[in-house]
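Please read through the structure below; I'll follow up with questions.
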Amino acid sequence: MNKPLTDNKPAVAAWLVLLAAAGTFAVTMGTRQTMGLFLSPLNTATGIGIGNISLAFAFGQLCWGLTQPFAGAMADRMGAGRVLLVGALLVALGTFITPWMSSTAGLIFSIGVLAAGGAGMAGPAVLMAATTRMIPARMRGLATGVVNAGGSFGQFVMAPIAGALLLAVGWANALQVLALIVLLALPAAYLLRGQAGHPLAGGQAPLGAVAAIAQALRNPSYLMLAGGFFVCGFHVAFLGTHLPGVVALCGLPLQYGAWSLAMLGLFNIVGSIAMGWAVGRWRMKSLLSLVYATRALAVLLFLLAPKSEAVVLAFAAVMGLTFLSTVPPTAGLVAKFFGTANMATLFGVVMLTHQIGGFLGAWLGGRVLEASGNYNGVWYIDIVLAIGAALLHLPIREARLACTPVSG
């Protein structure tokens with residue numbers, strides 16, 4: 001079994017761990033975040049309606065979240081490698097068979113169960129916990145940002161690739177090529193193998209998953225953190241699923257839908273790494289409030305602005321800066337509240353609330369579009385939720401940073 005790196009170990013070993021985790025997140029997240037490009041082709045091919053296809057995508061958001069507490073508990077007990085291996089294979093399988101699905105139930109199975117469930121197993125709960133245990137404590141804030149940026153880099157790279165494949169070989173073949181690309185994550189499972197949870201301080205055995213969750217659910221700060229992450233899921237899933245549709249309603253060509261997703265990914269790399277740096281310098285609850293307030297303001301300005309190519313890409317860039325920059329401080333607060341022994345399990349529960357919000361964001365986007373012919377109703381809901389999340393994080397009880405003098 002691999003042992004966690006200490007502060008005396010070479011930095012190159014820590015960076016290999018981070019690159020393996022970031023690379024895994026890149027191919028799984030990158031593939032999932034390109035699926036919005038296939039919503040319209042799937043509707044044309046199956047004729048089952050945007051609302052029903054959005055339901056399949058919504059189940060994918062929910063299953064991604066439901067999988068993570070269980071995947072996290074498995075990784076806490078037996079190590080991350082086996083969990084990541086199975087997860088990557090399921091993502092590839094679900095994506096590969098999607099073109100053969102011609103009903104809502106079939107799409108829910110391929111996109112919403114296999115691909116999304118596999119992505120949950122190879123998702124941030126397992127990856128963040130594995131890297132947190134394997135690298136020196138001094139690098140943990142930066143590490144969460146780097147791993148999170150891996151998912152963003154995957155989106156930045158995969159969205160234009162998916163758009164080009166869609167135009168060159170058709171939507172069905174494009175999906176199957178993306179499935180094969182996911183298999184590039186398999187070597188990382190070996191590098192991250194065997195990282196089970198460590199004993200607690202004083203030689204105590206770590207709590208079991210049920211006991212750890214029960215303890216966490218009695219912590220008001222943990223509940224407020226999860227509530228804020230619900231809002232993040234609503235926002236992220238709506239954008240990831242429907243931003244190409246928003247761009248199309250602006251009268252812009254298909255490639256701008258792909259490039260808007262790519263801009264989300266590109267600027268989320270900046271936002272994620274910057275947030276990973278920031279969590280070691282400012283209180284994480286304050287950073288989260290700032291992110292949610294920024295989202296609310298950016299959406300309001302987008303609704304008021306003319307919908308030109310420059311405006312759409314600028315909006316995607318701003319959304320990218322805040323897109324998944326919530327993950328490093330959220331993961332950091334979970335570790336600060338409860339330590340790292342059950343981190344994959346407890347962060348997985350928070351991710352579940354994120355994906356319940358994601359289910360609603362993806363599903364309501366399709367329903368509102370069918371009912372009104374535009375997405376304005378969802379944007380207004382998003383603004384209200386973002387303001388609420390910004391306020392919800394303020395009462396969280398977070399210990400002050402170690403460098404801050406404490407009286408008494």
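The values are calculated or read from the model by the stated rules, or taken from the named source; none is laboratory data. No experiment lies behind these values; they were computed from the predicted model shown. A quick note on method: Cβ atoms are made from the backbone with ideal geometry, for glycine too, and the neighbour counts reach across all protein chains shown.
Quick one: how many residues across the stretch 250-270 are in a helix (DSSP H, G or I), modelled with pLDDT of 80 or more and over 17 Å from residue 362 (Cβ atoms)?
Result for the stretch 250-270: 7.
Residues in the stretch 271-282: is at least one among the β-branched types (Val, Ile, Thr), buried (at least 24 other Cβ atoms within 10 Å of the Cβ), in a helix (DSSP H, G or I) and under 15 Å from the mean Cα position of the chain (by Cα)?
no
Which of (1) touching a helix residue (DSSP H, G or I) at 6+ places or on another chain (Cβ under 6 Å); (2) farther than 17 Å from residue 33 by Cβ; (3) hydrophobic (A, V, I, L, M, F, W, C) does residue 115 not meet, given it meets every other one?
In the conditions (1) touching a helix residue (DSSP H, G or I) at 6+ places or on another chain (Cβ under 6 Å); (2) farther than 17 Å from residue 33 by Cβ; (3) hydrophobic (A, V, I, L, M, F, W, C), residue 115 misses (2) alone.
Confirm whether residue 314 is more than 19 Å from residue 143 (Cβ to Cβ) and of a type outside the set (Phe, Trp, Tyr). Steps first, answer last, please.
Working: more than 19 Å from residue 143 (Cβ to Cβ): yes; of a type outside the set (Phe, Trp, Tyr): yes.
The answer is yes for residue 314.
List pairs: first residue in the stretch 339-353 and over 17 Å from residue 234 (Cα atoms), second residue of a type in the set (Lys, Arg) anywhere in the structure, Cβ distance under 6 angstrom, at least six positions apart or on different chains.
Matching pairs, first to second residue: 340/133.
Taking residue 287, is it part of a helix (DSSP H, G or I), surrounded by fewer than 24 Cβ atoms within 10 Å (Cβ to Cβ) and in contact (Cβ under 8 Å) with a residue 24 or more places away in the chain? So that I can check it myself, show each step before the final result.
Details: part of a helix (DSSP H, G or I): yes; surrounded by fewer than 24 Cβ atoms within 10 Å (Cβ to Cβ): yes; in contact (Cβ under 8 Å) with a residue 24 or more places away in the chain: yes.
Criteria met by residue 287.
Sticking with this one: Can you find even one residue in the stretch 320-338 that is touching a Lys or Arg at 6+ places or on another chain (Cβ under 6 Å), of a type in the set (Val, Ile, Thr) and at pLDDT below 90? First the steps, then the outcome.
Looking only at the stretch 320-338, we keep the residues that are touching a Lys or Arg at 6+ places or on another chain (Cβ under 6 Å), and these are 322.
Retained after the next criterion (residues that are of a type in the set (Val, Ile, Thr)): 322.
Of the ones still in play, those that are also at pLDDT below 90 are 322.
Yes, because at least one residue in the stretch 320-338 is touching a Lys or Arg at 6+ places or on another chain (Cβ under 6 Å), of a type in the set (Val, Ile, Thr) and at pLDDT below 90.
Would you mind stating whether residue 393 is within 16 Å of the chain's Cα centre (by Cα) and at pLDDT 85 or above?
On the way: within 16 Å of the chain's Cα centre (by Cα): no; at pLDDT 85 or above: yes.
Considered against the rule, which asks whether it is within 16 Å of the chain's Cα centre (by Cα) and at pLDDT 85 or above, residue 393 comes out as no.
Report, ordered by the first and then the second residue, all pairs with beta carbons closer than 7 Å, sequence separation of six or more or different chains, a first member in the stretch 358-374 that is without any contact (Cβ under 8 Å) to a residue 40 or more places away in the chain, and a second member that is buried (at least 21 other Cβ atoms within 10 Å of the Cβ).
368/375; 368/378
Tell me the residue from 129, 189, 159 that is more than 23 Å from residue 342 (Cβ to Cβ), in a helix (DSSP H, G or I) and at pLDDT below 85, please.
Answer to the check: 159.
Among the listed residues 294, 345, which satisfies the condition of being polar (S, T, N, Q), part of a helix (DSSP H, G or I) and in contact with an Asp or Glu (Cβ under 6 Å, 6 or more places away or on another chain)? Spell out the reasoning first.
Working: 294 fails: in contact with an Asp or Glu (Cβ under 6 Å, 6 or more places away or on another chain).
It is 345.
Let me ask something else. Would you mention how many residues in the stretch 282-339 are touching a Ser or Thr at 6+ places or on another chain (Cβ under 8 Å), within 19 Å of residue 379 (Cα to Cα) and not aromatic (Phe, Trp, Tyr)?
Counting residues in the stretch 282-339 that are touching a Ser or Thr at 6+ places or on another chain (Cβ under 8 Å), within 19 Å of residue 379 (Cα to Cα) and not aromatic (Phe, Trp, Tyr) gives 12.
Suppose we keep only residues that are surrounded by 24 or more Cβ atoms within 10 Å (Cβ to Cβ) and not small (Gly, Ala, Ser) within the stretch 64-97. Which one would you say is farthest from residue 132 (Cα to Cα)?
For the stretch 64-97, the residue satisfying everything is 95.
Starting from residues that are farther than 21 Å from residue 354 by Cα and of a type outside the set (Val, Ile, Thr), keep the ones in the stretch 311-325 and report whichever is surrounded by the most Cβ atoms within 10 Å (Cβ to Cβ). Please lay out each step first, then the result.
Keep residues of the stretch 311-325 that are farther than 21 Å from residue 354 by Cα, which gives 311-315, 317.
Subsequent filtering for residues that are of a type outside the set (Val, Ile, Thr) retains 313-315, 317.
Working: 313: 16, 314: 16, 315: 24, 317: 18.
Out of the qualifying residues, it is 315.
Quick grid of which residues meet (1) under 28 Å from residue 259 (Cα atoms); (2) surrounded by fewer than 24 Cβ atoms within 10 Å (Cβ to Cβ); (3) modelled with pLDDT of 80 or more:
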residue	(1), (2), (3)
206	no, yes, no
229	yes, no, yes
237	yes, no, yes
248	yes, yes, yes
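If the requirement is being out of contact with any Leu (no Cβ under 8 Å at 6 or more places or on another chain) and of a type outside the set (D, E, K, R), which of these qualifies: 143, 168? Steps first, answer last, please.
Values: 143 fails: out of contact with any Leu (no Cβ under 8 Å at 6 or more places or on another chain).
That would be 168, the only listed residue that is out of contact with any Leu (no Cβ under 8 Å at 6 or more places or on another chain) and of a type outside the set (D, E, K, R).
One line per residue, one yes/no per condition, for (1) of a type in the set (Lys, Arg); (2) farther than 18 Å from residue 24 by Cα; (3) surrounded by fewer than 24 Cβ atoms within 10 Å (Cβ to Cβ); (4) at pLDDT below 90:
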{"residue": "138", "(1), (2), (3), (4)": "yes, yes, yes, yes"}
{"residue": "149", "(1), (2), (3), (4)": "no, no, no, yes"}
{"residue": "163", "(1), (2), (3), (4)": "no, yes, yes, yes"}
{"residue": "173", "(1), (2), (3), (4)": "no, yes, yes, no"}
{"residue": "185", "(1), (2), (3), (4)": "no, no, no, yes"}
